[in-house]
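The values are calculated or read from the model by the stated rules, or taken from the named source; none is laboratory data. The structure displayed is predicted, hence computed values, not measured ones. Neighbour counts are summed over all protein chains in view; Cβ atoms, including those assigned to glycine, are modelled from backbone coordinates with ideal geometry.
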Amino acid sequence: MFSGSIPALITPFRAGAVDENALRRLVDWQIDSGSAALVACGTTGEASTLDNEEHHRVIGLVVEFAAGRVPVIAGCGSNDTRTALWHLEEAQKLGADAALCVAPYYNRPSQAGLLAHFSALAEACDLPIMLYNVPGRTVTDLLPDTVAELHRRHPQRIVALKDASGDVTRIVTHRLGAGEGLCQLSGDDPLALAGRVLGQTGCVSVTANVAPALCAQFHAACDAGDWLRARTLNDQLFPLHRALFADASPAPTKYALARLHDWLTDEVRLPIVPCGETARAAVDAALAALGQPG
């Protein structure tokens with residue numbers, strides 16, 4: 001479940017509402033293109049601007065549309081432990097295979113607080129948990145010793161880590177501390193190649209929204225130990241990796257998808273706004289380099 005190319009799916013909007021028909025087509029396209037699993041309601045899915053009803057509806061729809069073809073990992077994080085547990089319980093009822101739980105943001109818990117938070121989740125729900133460390137967004141940094149201790153305490157529940165710290169040396173530190181039983185995945189597309197070489201098993205990806213087949217091929221090359229092909233594919237994808245963060249995410253990703261598919265729009269929710277001219281130009285150039293319209 002925690003390996004290969006795993007898109008953190010956008011949530012399609014149309015006229016202010018979740019576009020359920022577009023979401024169905026997006027799920028089918030992703031699976032047909034080789035994505036190994038799907039994350040619903042992550043950062044790229046604009047979970048922070050979905051109300052709770054929408055949040056759970058999107059998780060349920062992705063589970064329904066995936067229909068068992070690939071695992072579905074539900075975004076369940078919150079800076080309130082009770083709310084995170086509620087999301088976990090709802091995701092399990094809806095049929096999700098695992099949960100992605102970001103480190104609590106804004107209230108800046110200590111490492112002891114992080115241990116208590118994630119332990120409470122692991123003890124109250126038996127859905128497998130992928131920890132998500134992204135200190136650039138949360139301010140809170142889930143340190144390697146804390147990751148190792150969480151996996152030691154809850155080896156059957158806290159089973160994976162999505163690391164977007166930007167520090168690839170942590171991959172080795174995590175492995176030495178937590179052992180091989182903790183699956184490690186990249187949370188940064190541009191660092192996925194380095195991560196795979198160092199022992200990560202896949203990437204929870206923004207770019208896979210736009211180029212799912214190439215991302216799947218990249219991870220297949222890594223799995224086969226064909227590092228020359230993996231490097232070649234990474235070079236092809238790299239301009240797109242960068243372009244998708246040329247403005248506030250996921251605006252460039254939605255712009256790219258709207259260029260590729262007439263059934264998707266570039267609509268985002270405030271405080272995110274549609275990407276500006278510079279980002280659009282970067283996306284257009286990256287798509288053109290991949291032989292896509294742009």
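For region 226-283, give me each residue that is hydroxyl-bearing (Ser, Thr, Tyr) and within 14 Å of Thr44 (Cα to Cα). It would help to see each step written out before you state the result.
Of all residues in region 226-283, those hydroxyl-bearing (Ser, Thr, Tyr) come to 232, 249, 253, 255, 265, 278.
Within region 226-283, Ser249, Thr253, Tyr255 qualify.
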Legend entry - Matching residues in region 123-141 - criterion: being over 9 Å from Ser165 (Cα atoms) and of a type outside the set (D, E, K, R): Ala124, Cys125, Leu127, Pro128, Ile129, Met130, Leu131, Tyr132, Thr138, Val139, Thr140
Inset, instruction - Of the conditions (1) over 21 Å from Leu26 (Cα atoms); (2) modelled with pLDDT of 95 or more; (3) surrounded by fewer than 19 Cβ atoms within 10 Å (Cβ to Cβ), Val147 clears all except one; give me its number. - result: (3)
Inset, instruction - Identify, by number, the condition in (1) in contact with a Leu (Cβ under 7 Å, 6 or more places away or on another chain); (2) part of a loop (DSSP other than H, G, I, E, B); (3) surrounded by fewer than 19 Cβ atoms within 10 Å (Cβ to Cβ) that Gln200 doesn't meet. - result: (3)
Inset, instruction - For residues that are farther than 16 Å from Pro190 by Cβ and among the hydrophobic types (A, V, I, L, M, F, W, C), scanning just region 150-175, find the one that is surrounded by the fewest Cβ atoms within 10 Å (Cβ to Cβ). - result: Val172
Inset, instruction - Answer yes if at least one residue in region 210-227 is farther than 21 Å from Ala286 by Cα, at pLDDT 95 or above and surrounded by 19 or more Cβ atoms within 10 Å (Cβ to Cβ), and no otherwise. - result: yes
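From the list Val70, Val39, Val102, Val63, pick out the single residue that is crowded, with 22+ Cβ neighbours inside 10 Å, in contact (Cβ under 8 Å) with a residue 24 or more places away in the chain, in contact with a helix residue (DSSP H, G or I) (Cβ under 8 Å, 6 or more places away or on another chain) and of a type outside the set (Gly, Ala, Ser).
Details: Val70 fails: crowded, with 22+ Cβ neighbours inside 10 Å; Val39 fails: in contact with a helix residue (DSSP H, G or I) (Cβ under 8 Å, 6 or more places away or on another chain); Val63 fails: crowded, with 22+ Cβ neighbours inside 10 Å.
Just one listed residue meets the conditions, Val102.
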Inset, instruction - Of all residues in region 245-274, count the ones that are within 16 Å of Ala285 (Cα to Cα) and in contact (Cβ under 8 Å) with a residue 40 or more places away in the chain. - result: 5
Inset, instruction - Answer yes or no: is there a residue in region 231-243 that is of a type in the set (Phe, Trp, Tyr) and in contact with a helix residue (DSSP H, G or I) (Cβ under 6 Å, 6 or more places away or on another chain). - result: no
Inset, instruction - Output the qualifying pairs, or none if there are none: Cβ atoms under 7 angstrom, residues six or more apart or on different chains, first residue in region 140-164 and acidic (Asp, Glu), second residue assigned to a loop (DSSP other than H, G, I, E, B). - result: Asp141/Ser165; Asp163/Gly187
Inset, instruction - Please indicate, with yes or no, whether at least one residue in region 42-50 is modelled with pLDDT of 95 or more, surrounded by fewer than 19 Cβ atoms within 10 Å (Cβ to Cβ) and not in a loop (DSSP other than H, G, I, E, B). - result: yes
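Has region 64-81 got at least one residue that is among the β-branched types (Val, Ile, Thr) and assigned to a helix (DSSP H, G or I)? Full working, then the answer.
Here is the first cut: in region 64-81, the ones among the β-branched types (Val, Ile, Thr) are 70, 72-73, 81.
After this cut, where a residue has to be assigned to a helix (DSSP H, G or I) as well, the list is 81.
Yes, some residue in region 64-81 is among the β-branched types (Val, Ile, Thr) and assigned to a helix (DSSP H, G or I).
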